[in-house]
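**Student:** Please see the structure below; I have some questions.
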Amino acid sequence: MAFADLGSLLAGMASGAYRLPFNRNSISSMIIGSEASLWRGTGFPAQGAVPGAAAICNASTTGALPLAPRTGAQERIISSVAFMGGAVGHTFLIEDRLGHMGGLSGTVTTAQTVALDIHANIATNNLAARIGAADYSEIEWYLEWYTATGSTAVTPTASVTYNDGTTGTVNVWVLGATALPTSVAAARRYKLAPTNGKYIRSVESVTLSATTGTAGSFGVTAVKRLTQMETVVASVLQVRDWSTLTAPRIVDNACVTLGQVCNTVTTGVSQGAIVQAVA
């Protein structure tokens with residue numbers, strides 16, 4: 001049975017709801033208004049590994065939240081989330097981590113190979129269903145940091161292929177600017193932002209305008225956002241149900257992970273449970 005109407009949704013919540021807990025310890029050196037990846041945060045599920053060569057993520061990737069079991073024509077949705085954030089105003093993100101790569105250096109000023117291609121892998125890991133719209137418009141692409149780079153501010157650009165097969169170069173979006181702040185810390189991430197009405201299906205390379213002074217380590221990540229919620233009261237358990245979460249569907253092989261838009265200079269401790277209904 002699929003969730004065709006409110007009745008089937010309520011039936012699924014009553015008979016096939018799975019409460020799957022999560023916990024992420026606080027990460028420091030964030031910037032107010034910027035995004036953080038909780039991939040490398042410690043807690044449950046296990047800390048995600050720093051990626052190497054480009055790879056497609058799936059439900060078995062270490063760091064992914066468990067998925068509720070389903071069979072046949074059943075669907076799986078997020079029916080509610082109980083969560084507690086460390087500071088008022090943090091926006092908590094639930095995402096499907098589609099693919100990632102790492103090992104980029106903050107001191108290399110020539111083009112660094114990325115080769116993260118969702119389009120070429122669309123027939124694997126249930127990606128065709130996981131990406132949402134077939135024009136790749138629901139995928140968000142980021143530069144994600146694993147080890148801090150240096151104190152010199154630089155402007156990165158990425159060589160990409162768009163949904164229509166054409167190629168181009170895009171900048172990152174950094175609170176309305178295109179230059180990165182100095183000393184980008186681990187777990188920060190910055191969105192690649194095409195401005196021509198097209199959508200990115202693959203990233204071929206990243207080039208820095210200058211050396212940051214320290215190699216550090218960063219990479220490229222592709223995610224599809226499933227839902228989000230804001231911390232209204234710090235350190236108090238809050239609940240959002242299907243009506244405010246828009247009952248997002250979680251398809252098979254999704255690598256469900258967590259992110260955050262920060263309202264302080266730390267992510268704070270994030271904990272709670274994602275309730276998945278199946279019917």
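**Student:** Taking only the Cα atoms of the range 141-205, how large is their convex hull per residue, in Å³?
**Tutor:** 79
**Student:** Could you work out the relative contact order of the range 6-278? I mean the mean sequence separation of Cα pairs under 8 Å and 6+ apart, divided by the number of residues, in percent.
**Tutor:** Working: 762 pairs, mean separation 109.8, N = 273.
Result for the range 6-278 is 40 percent.
**Student:** At what distance in angstrom do the alpha carbon centres of the range 159-194 and the range 18-41 lie from each other?
**Tutor:** 21
**Student:** Continuing with the same structure: Can you tell me which of G106, G176, G63 moves the most in a GNM of the chain? Springs connect C-alpha atoms under 10 Å apart.
**Tutor:** Highest fluctuation among the options: G176.
**Student:** Here's another thing I want to ask about it. Please rank H119, H100, fewest neighbouring Cβ atoms within 10 Å first, as an exposure proxy.
**Tutor:** Taking fewest neighbouring Cβ atoms as first place, the list is H119, H100.
**Student:** Which cysteines does the chain leave without a neighbouring Cys Cβ under 4.7 Å?
**Tutor:** Taking the Cβ cut-off of 4.7 Å, the unpaired cysteines of the chain are C262.
**Student:** How tilted is helix 6-15 with respect to the longest principal axis of the chain? Cα atoms for both, answer in degrees (0 to 90, nearest 10).
**Tutor:** 90
**Student:** Any number yet on Rg/Rh for the chain, C-alpha, Kirkwood?
**Tutor:** On the way: Rg = 18.6 Å, Rh = 19.2 Å.
Rg divided by Rh gives 0.97.
Bear in mind these aren't lab numbers, they're just calculated from the coordinates by the rules spelled out. These numbers were taken from a predicted model, which means no experiment stands behind them. Here the Cβ is made from the backbone with ideal geometry for all residues, glycine too, and neighbour counts use every protein chain on show.
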